[in-house]
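**Q** Take a look at the following structure, please.
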Amino acid sequence: MAHRFRDSYLNATLTFADDKITWFCPEMNDVREVMMSWEQPIMNKMAEVAVSSGDHVLECGFGMGILSTAVQARNPASHTIVECHPQVLVKLNEWAADKPNVTVVNGKWFDLLSEPEKYDAILMDTYVDDDLHPKFAGFCQKKAKDNCKVSWWNFSGGTTDEFMKFYWDNVTFTEVTGLTVPENTYYNRTNYFVPLKVLNQKAKTYGIVDSSNVHTSTSETRNIYKFDADQDVLTCADPSNPSLVVKKGMLSYGVKCKGIYNINNGLLVVTGNHPMIVKREGSWIEKNMNELVIGDKLYKVDNTEVEITNLNFDSSETIYTVVRLNSDDNYFVNDILIKNGGKDA
Ligand SMILES: C[S@@+](CC[C@H](N)C(=O)[O-])C[C@H]1O[C@@H](n2cnc3c(N)ncnc32)[C@H](O)[C@@H]1O
C-alpha cells in the first residue's frame, strides 16, 4: 500500500485482535491489515537467518511483536526497535518492560541515520512507508557493522522481483513452505522466500571447501586436499559443447576463509568470489558464486543439469579451509562443473 495513506495510518485508531492488526483506510473505504499471525513461520525464519546470539540488532516496525519475540529467543546483545504508530508504541513499551536488552525508539527508522550506533543485523518490516524504501540500502551501508545481515519483508514472496530487493546483488533466499494464508488478504501464496543480504561479505580468497571431491576421470574422484602435482583432472571447456578431457599437472593449495556459500544443502560449498558456470535463461554464463540465484542450473559430469533450489550464506565466525586447483581449466567438484582461475579479494 502506497505511502499516500501514511498520514491516515499514523492518525488511525488500530484494532488489535489475537490474529491481526487492522485499520479503516478512508482513502480506500476499506479495512486493511497491518500484520497477521499467519506470518509467524516467516518471522521465525527471518530471525533465524539474520540473527545470531550476541548480535546487536536493529528492527524496524514492531507490529504484533512476532519478529521481536523470535529475535529475543536468539539472545541478541542488544535489540533496538523503532516504531512510529502511537498505539503500537504502547504495546511495544509493555512488551519491552521486562527485557533489559531492548531499546525502544519512537519514530521512523530513517531518523536513526545520524545516530552513531551500528548493527550486526537489520530487519525491516514496516508499512505504508515505501517513499523511504529507496533510502534503505544507503541507510544499511551506514548502520552496518562488518558482515551485517539484512533481511526485510519481501512483497512478492518470490526470488526474482526487484521491488524491495533494493537492487542489491548477492541476495540469498530461504524458502518457507506450508503457509496457511486466509483468503482476500495481502498475500496469496503458500510459500515465501526470506531474503538475506550480507554487507561487506567478501571472502579474502577464493576456493572450495576442503572436503570436496574432484573428478580425475568420468568415474573416479579424489579429495581436493589430496591433490598433488601431476594429478589427473577431468576438465570441460564449454558445457554448451561438452568435451571431457583429462589433463595433468594440477596442484591444489589451501587457505583459510570466513563466510561461505552453500548450494543445495552441501552439494557445493564455495567462497563468494569463486568463479562458477551456470545456465541462466538458456545460456551458459560465468558468474561469481555470490551472483548466483535460485533457478540457475549447474552442469553435471553425466551431461545432465541440476537446478539451484537452495542457496545459503554462512557469515558466522567459522573459519573454513578452502582449496583450489592451480589451472585455468574448468573441472568437476562433487560432480558439478566449476570454473577455475578466480581472483583473491
Ligand atoms: C507489518 S508490521 C510489522 C510486523 C512485525 N514484523 C511482526 O512480526 O509483528 C509494520 C509495523 O511498522 C510500523 N511502521 C510503519 N512505518 C514505519 C517507519 N517508517 N518506521 C518505523 N516503523 C514503521 C507500523 O506502525 C507497524 O507497526
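**Q** Need pairs with beta-carbon distance below 8 Å; first residue over 14 Å from Tyr187 (Cα atoms) and within the stretch 27-40, second polar (S, T, N, Q); sequence gap 6+ or separate chains.
**A** Note: pairs meeting the criteria are Glu27/Ser8; Val31/Thr22.
**Q** For the list (1) touching a helix residue (DSSP H, G or I) at 6+ places or on another chain (Cβ under 6 Å); (2) under 21 Å from Lys197 (Cα atoms); (3) not basic (Lys, Arg), I need the number of the one condition that Val323 fails.
**A** (2)
**Q** Taking Cys25 as meeting all but one of (1) surrounded by 18 or more Cβ atoms within 10 Å (Cβ to Cβ); (2) farther than 28 Å from Pro116 by Cα, write down the number of the exception.
**A** Condition not satisfied by Cys25: (1).
**Q** Considering only the stretch 175-285, give the strands (runs of 3 or more DSSP E) lying wholly within it that have at least 1 residues that are under 30 Å from Arg32 (Cα atoms) and either touching a residue at least 24 places away in the same chain (Cβ under 8 Å) or of a type outside the set (Asp, Glu) (or both).
**A** 192-198
**Q** Turning to a different aspect of this structure: Is it true that Ala12 is within 13 Å of the ligand (Cβ to nearest atom), of a type in the set (A, V, I, L, M, F, W, C), within 30 Å of Ser316 (Cβ to Cβ) and buried (at least 16 other Cβ atoms within 10 Å of the Cβ)?
**A** So Ala12 fails the test.
**Q** Let me ask you something else. Within the stretch 135-144, which residues are in contact (Cβ under 8 Å) with a residue 24 or more places away in the chain and outside any strand (DSSP E or B)?
**A** Just the residues of the stretch 135-144 that are in contact (Cβ under 8 Å) with a residue 24 or more places away in the chain, to begin with: 135-137, 139-144.
Those that are in contact (Cβ under 8 Å) with a residue 24 or more places away in the chain and outside any strand (DSSP E or B): Lys135, Phe136, Ala137, Phe139, Cys140, Gln141, Lys142, Lys143.
**Q** Within the bounds of the stretch 84-92, is there any residue that is in the same structural domain as Thr172 (by TED's automatic domain parsing), in contact with a helix residue (DSSP H, G or I) (Cβ under 7 Å, 6 or more places away or on another chain), within 10 Å of the ligand (Cβ to nearest atom) and among the β-branched types (Val, Ile, Thr)?
**A** For the stretch 84-92, residues in the same structural domain as Thr172 (by TED's automatic domain parsing), in contact with a helix residue (DSSP H, G or I) (Cβ under 7 Å, 6 or more places away or on another chain), within 10 Å of the ligand (Cβ to nearest atom) and among the β-branched types (Val, Ile, Thr): absent.
**Q** Given the criterion closer than 30 Å to Lys300 by Cβ, touching a Leu at 6+ places or on another chain (Cβ under 7 Å) and modelled with pLDDT of 90 or more, identify the matching residue among Thr190, Thr221, Thr216, Thr172.
**A** Going through Thr190, Thr221, Thr216, Thr172 in turn, the sole match is Thr216.
**Q** If a residue must be modelled with pLDDT under 95, assigned to a helix (DSSP H, G or I) and either away from the ligand (no atom under 14 Å from the Cβ) or acidic (Asp, Glu) (or both), how many such residues does the stretch 94-133 contain?
**A** Total satisfying the criteria: 2.
**Q** Something else now. Would you point out the residue of the stretch 64-83, among those that are in a strand (DSSP E or B) and near the ligand (Cβ under 8 Å from one of its atoms), that is farthest from Asp129 (Cα to Cα)?
**A** For the stretch 64-83, the residue satisfying everything is Val82.
**Q** Would it be correct to say that Ala50 is more than 8 Å from the ligand (Cβ to nearest atom) and buried (at least 21 other Cβ atoms within 10 Å of the Cβ)?
**A** yes
**Q** Would it be correct to say that Lys149 is charged (D, E, K, R), more than 9 Å from the ligand (Cβ to nearest atom), in the same structural domain as Thr172 (by TED's automatic domain parsing) and surrounded by 19 or more Cβ atoms within 10 Å (Cβ to Cβ)?
**A** Judged against the criteria, Lys149 is a match.
**Q** Just to check your reading of the model, which residue among Leu325, Leu311, Leu337 is of a type in the set (A, V, I, L, M, F, W, C) and closer than 22 Å to Lys149 by Cβ? Break it down into steps so the answer makes sense when it comes.
**A** On the way: Leu325 fails: closer than 22 Å to Lys149 by Cβ; Leu337 fails: closer than 22 Å to Lys149 by Cβ.
Selected residue: Leu311, the only one of Leu325, Leu311, Leu337 that is of a type in the set (A, V, I, L, M, F, W, C) and closer than 22 Å to Lys149 by Cβ.
**Q** Next question. Sort through Lys300, Lys248, Lys279 and tell me the only one that's within 13 Å of Leu337 (Cα to Cα), surrounded by fewer than 18 Cβ atoms within 10 Å (Cβ to Cβ) and either assigned by TED's automatic domain parsing to the domain that holds Thr172 or in contact with an Asp or Glu (Cβ under 6 Å, 6 or more places away or on another chain) (or both).
**A** Lys300
The values are calculated or read from the model by the stated rules, or taken from the named source; none is laboratory data. Keep in mind that this is a model prediction, so the values were computed, not measured. A quick note on method: Cβ atoms are made from the backbone with ideal geometry, for glycine too, and the neighbour counts reach across all protein chains shown.
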